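Below: one structure, written as structure tokens.
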Amino acid sequence: MTEEKLNYSHFRQLLLNEQSRLKYLLGAVTTTLQSPDKPDSDKKNKKSTKKKPEPIDASELEATAKLKTHLQMVNDALNRLANSQYGLCTSCKKQIPKSRLESMPEIPHCLMCEMKQLLK
Ligand SMILES: [Zn+2]
């Protein structure tokens, strides 16, 4: 026991909360995407009256992709928790400051490594 030990159950709870939130959001987005133009919608079938071209998927797909990436990070963090690797930077293996984990429990890198990645 060198450093103050991280409260794993605390972070597990944070991660599980985040996981369920993301799954919920993903479900919501996916439902929107999957519902095609239902002919039974009361509005006129053709949206020709609308001037707005409805930039359909691009932004939604992007949002979905981001959510999935985020969810993957959360899952990875939960795996690290299970392997007692949680809280260690996945690049340099140094301890990630607790305050950083508190605000972003799924973060896989310490600040230095993240900055290095951004500067690539
Ligand atoms: Zn690092």
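The values are calculated or read from the model by the stated rules, or taken from the named source; none is laboratory data. Nothing here was measured: the structure is a model prediction, and the numbers come from that model. Backbone-built Cβ (ideal geometry, glycine too); neighbour counts: all protein chains shown.
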Cβ-Cβ under 7 Å, sequence separation 6+ or interchain: first residue in the range 82-108 and assigned to a loop (DSSP other than H, G, I, E, B), partner within 14 Å of the ligand (Cβ to nearest atom) and among the small types (Gly, Ala, Ser). Which pairs? Ile96/Gly87
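When the residues of the range 88-120 are filtered to those that are among the hydroxyl-bearing types (Ser, Thr, Tyr) and within 13 Å of the ligand (Cβ to nearest atom), which remaining residue is farthest from Arg12 (Cα to Cα)?
First, pick out the residues of the range 88-120 that are among the hydroxyl-bearing types (Ser, Thr, Tyr): 90-91, 99, 103.
With the extra rule that they be within 13 Å of the ligand (Cβ to nearest atom), the set shrinks to 90-91.
On the way: Thr90: 18, Ser91: 21 Å.
Per the stated criteria, the residue is Ser91.
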Which one of Leu26, Leu15, Leu22 is closer than 20 Å to Glu106 by Cα, at pLDDT below 95, surrounded by 13 or more Cβ atoms within 10 Å (Cβ to Cβ) and not basic (Lys, Arg)? Leu26
In the range 86-120, which residues are surrounded by fewer than 14 Cβ atoms within 10 Å (Cβ to Cβ) and among the polar types (S, T, N, Q)? Ser99, Ser103, Gln117
When you scan the range 77-98, do you find a residue that is touching an Asp or Glu at 6+ places or on another chain (Cβ under 9 Å) and under 27 Å from Thr30 (Cβ atoms), even just one? yes
Could you tell me which of the residues Thr49, Thr31 is hydroxyl-bearing (Ser, Thr, Tyr) and modelled with pLDDT of 60 or more? Thr31
Check whether at least one residue in the range 79-96 is charged (D, E, K, R), at pLDDT 95 or above and in contact with a helix residue (DSSP H, G or I) (Cβ under 6 Å, 6 or more places away or on another chain), and report yes or no. no
